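A.B. asks: Just dropping this structure here.
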Amino acid sequence: MIKGLALLAFCFLFGMLCGDLLGLLLGIEANVGGVGFAMIYLLLLKEFFEKKGVWTEEFAFGIDFWNKLYIPIVLAMAASLNVKSAVSAGILALLSGILPVVLAFGVFFILINTIKPQ
Amino acid sequence: MGLIFALLWVGVLTWATDILSKKVFASKIPGSAIAIGIALVFGYLGGVWAEGKQGLADLPLFKGLAFLGGSMFRDFAIVATAAGASFILIRKSGLLGLVSLILGIGVFFSAGVILAWSLGYRDAVSLCTLGAGACTYIVGPVTGGALGASSEVIALSIGTGVVKTITVTILTPILAKKIGLDSPGAAMAFGGIMGTSSGVAAGLAATDPALVPYGAVTATFYTGLGCLVCPSLFYLLLNWGLG
């Protein structure tokens, strides 16, 4: 379990470091894409370990635990935000949640007729 | 103590919404989307009761929610979800999978930014966060957290993502036949364009359960790619576009 957790922690920290460096490089005071970098590292390392045959249940468990905590954490986050001030702009959440989806159905229709799936 | 109480609260909420999803919505709407919607309602009530800026977490008993739902745990858990994806599978989805991912993130982000702009938002950080929220309810807060957006804008971006999940869930089985969503390849492209994993999974399950794993392959990548490009490339483009 702790091996998987350590691997996850390594990917996370290394990804955040890259995000900070990229932010510095671009002159923005922000972590730029650190989460995305970390996800890519975890994917690559997992596939590397699998190829080497050292990826065990133990590894998977430590990571899977956090994977499953993800929705509960989002719940805690949603309940601790300044929702009251956001409600006045709630119409935006409705519009942005519905209109782009309708548009995307159209894009899907065009795409599927342009590139035929195998 | 606060953190432990937060775990209890989150667990009870998940349990209750699971039952609600099965009994009232016949499993048609994903339990996670309902749960996040209810959590936002609690955030609102907390704001009314405590008159603070941290929703329910401003009540002493619920303080732990801000810690559990803070950026550190959130980003850590999101990274862990990448272990469920696989490059080998995404390679199998081929050109169509790749094109659909790029188109999907591009379409949702730009549409989200344009709508936010037309409702009066003008700063690049808020616009970027709201555009990211139109991608998924995860990409929104990750982007907003990285760029330092206000709590109010982040709440709005989550709300947008939740509405999106529900819209995809409802529209998918209705439109599937008309748009040619009937093969594994098409399901992969669909997952890449729509992105919201829970919405795609629930929508495909109501269309044809055999398609669910194919849609999930690309949808898992969508969040990762969104977290990568929204606070970086897209933010820079927005900043440049706004002068």
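A.B. asks: Taking R0 as 35 Å, what's the FRET efficiency between B:Ser183 and A:Ser88 from their Cβ-Cβ distance, rounded to 0.05?
C.D. replies: Once rounded, the FRET efficiency stands at 0.20.
A.B. asks: Over all Cα pairs of the range B:125-172, how is the pair count split among 10 Å bins, expressed in % and running from 0 up to the last occupied bin?
C.D. replies: 36, 47, 15, 2
A.B. asks: Which is farthest toward the positive dipole end of chain A among A:Ala104, A:Leu92, A:Gly34, measuring Cα position about the Cα centre, with Cβ charges +1 (Lys, Arg) and -1 (Asp, Glu)?
C.D. replies: A:Ala104
A.B. asks: Averaged over every viewing direction, what's the projected area of the C-alpha convex hull for the range B:86-241? Give it in nm², one decimal, please.
C.D. replies: 8.6 nm²
A.B. asks: If I take every Cα pair under 8 Å that is 6 or more residues apart in the range B:86-241, average their sequence separation and divide by the length, what percent do I get for the relative contact order?
C.D. replies: Computed value for the range B:86-241: 26 percent relative contact order.
A.B. asks: With 10 angstrom as the radius, rank B:Phe73, B:Phe190 by how many other C-beta atoms surround their C-beta, starting from the fewest.
C.D. replies: Going from sparsest to densest Cβ surroundings: B:Phe73, B:Phe190.
A.B. asks: Per-residue Cβ counts within 10 Å, from other chains only, averaged over B:161-168: what number is that? Walk me through the intermediate numbers first.
C.D. replies: Values: counts 4, 4, 8, 8, 2, 3, 9, 5.
Mean partner-chain Cβ count within 10 Å for B:161-168: 5.
A.B. asks: Hey, another quick one. Of B:Ala216, B:Leu130, B:Gly52, whose Cα points farthest to the positive end of the dipole of chain B (charges on the beta-carbon: +1 Lys, Arg; -1 Asp, Glu; origin at the Cα centre)?
C.D. replies: About the Cα centre, the residue reaching furthest to the positive side is B:Ala216.
A.B. asks: Quick check for me: using +1 on Lys/Arg Cβ and -1 on Asp/Glu Cβ, what's the dipole size of the range A:38-88 about its Cα centre, in debye to the nearest 20?
C.D. replies: Using Cβ point charges on Lys, Arg, Asp and Glu, the range A:38-88 gives about 220 debye.
A.B. asks: A further question follows. Which helices, taking whole DSSP H runs in chain A, have alpha carbons extending 30 angstrom or more along the helix axis plus mean Kyte-Doolittle at least -1.0? List each step's numbers first, then the result.
C.D. replies: Working: long enough: A:2-26 (35 Å, 2.10); A:90-114 (37 Å, 2.30).
Long hydrophobic helices here: A:2-26, A:90-114.
A.B. asks: Let me ask something else about it. Could you list A:Lys68, A:Lys51, B:Lys164 so that the one with the fewest beta carbons within 10 Å of its beta carbon is first and the one with the most is last?
C.D. replies: Values: A:Lys68 12, A:Lys51 9, B:Lys164 31.
Ranking A:Lys68, A:Lys51, B:Lys164 by Cβ neighbours within 10 Å, fewest first, gives A:Lys51, A:Lys68, B:Lys164.
A.B. asks: Enter the mean projected area of the convex hull around the alpha-carbon atoms of the range B:1-126, in nm², rounded to one decimal.
C.D. replies: For the Cα atoms of the range B:1-126, the hull's average projected area reads 11.3 nm².
A.B. asks: Within the range B:141-156, list the residues whose amide N lies under 13 Å from a label point set 7 Å along Cα→Cβ of A:Glu29.
C.D. replies: From the range B:141-156, the list is B:147-149.
A.B. asks: On to the next question. Could you sort B:216-224, B:154-162 so that the peptide with the highest average Cβ count within 10 Å comes first and the rest follow in order?
C.D. replies: B:154-162, B:216-224
A.B. asks: Here's another thing I want to ask about it. Using the membrane-span-like helix rule (whole DSSP H runs, Cα extent along the own axis of at least 20 Å, mean Kyte-Doolittle hydropathy at least 0.5), which helices of chain B qualify? Walk me through the intermediate numbers first.
C.D. replies: Working: long enough: B:2-23 (31 Å, 1.21); B:31-50 (28 Å, 1.73); B:87-118 (41 Å, 1.85); B:151-175 (35 Å, 1.50); B:212-229 (25 Å, 1.20).
Those that pass (Cα extent of 20 Å or more, hydropathy at least 0.5) are B:2-23, B:31-50, B:87-118, B:151-175, B:212-229.
A.B. asks: Kindly state, to the nearest 0.05, the FRET efficiency for A:Phe61 paired with B:Phe67, given R0 = 25 Å and r defined as their beta-carbon distance.
C.D. replies: Working: r = 24 Å, r/R0 = 0.97.
Efficiency for this residue pair is about 0.55.
A.B. asks: Taking the square root of 5 times each eigenvalue of the Cα gyration tensor, what semi-axes in Å does the equivalent ellipsoid of the protein assembly as shown have, largest first?
C.D. replies: Numbers: eigenvalues 151, 119, 99 Å².
Here the semi-axes work out to 27, 24, 22 Å.
A.B. asks: Can you tell me the FRET efficiency between B:Leu7 and A:Ile115 if r is taken as the Cβ-Cβ distance and R0 is 35 Å, rounded to the nearest 0.05?
C.D. replies: Working: r = 46 Å, r/R0 = 1.31.
Approximately 0.15, to the nearest 0.05.
A.B. asks: Arrange the following residues from fewest to most other Cβ atoms within 10 Å of their Cβ: B:Cys135, B:Cys128, A:Cys18.
C.D. replies: A:Cys18, B:Cys128, B:Cys135
A.B. asks: Once Lys and Arg get +1 and Asp and Glu get -1 on their Cβ, which of B:Leu96, B:Leu147, B:Gly199 lies farthest toward the positive end of the dipole of the range B:74-201?
C.D. replies: In the range B:74-201, that residue is B:Leu96.
A.B. asks: Charges only on Cβ, +1 for Lys and Arg, -1 for Asp and Glu: so what's the dipole of chain B about the Cα centre, in debye to the nearest 20?
C.D. replies: 400 debye
A.B. asks: Give the Debye-formula value of log10 I(q)/I(0) at each listed q (0.16 Å⁻¹), with one equal scatterer per alpha carbon of chain A, two decimals each.
C.D. replies: Taken in order of the listed q values, log10 I(q)/I(0) reads -1.06.
A.B. asks: With charges only on Cβ, +1 for K and R and -1 for D and E, what is the dipole size of the protein assembly as shown about its Cα centre, in debye, rounded to 20?
C.D. replies: 620 debye
A.B. asks: How high is the relative contact order of chain A, in percent, with contacts defined as C-alpha pairs under 8 Å that are six or more residues apart?
C.D. replies: Contact order relative to length: 26 percent.
Here, each number is a calculation from the coordinates, and none is a lab measurement. Everything quoted here is computed from the prediction, not taken from an experiment. A quick note on method: Cβ atoms are made from the backbone with ideal geometry, for glycine too, and the neighbour counts reach across all protein chains shown.
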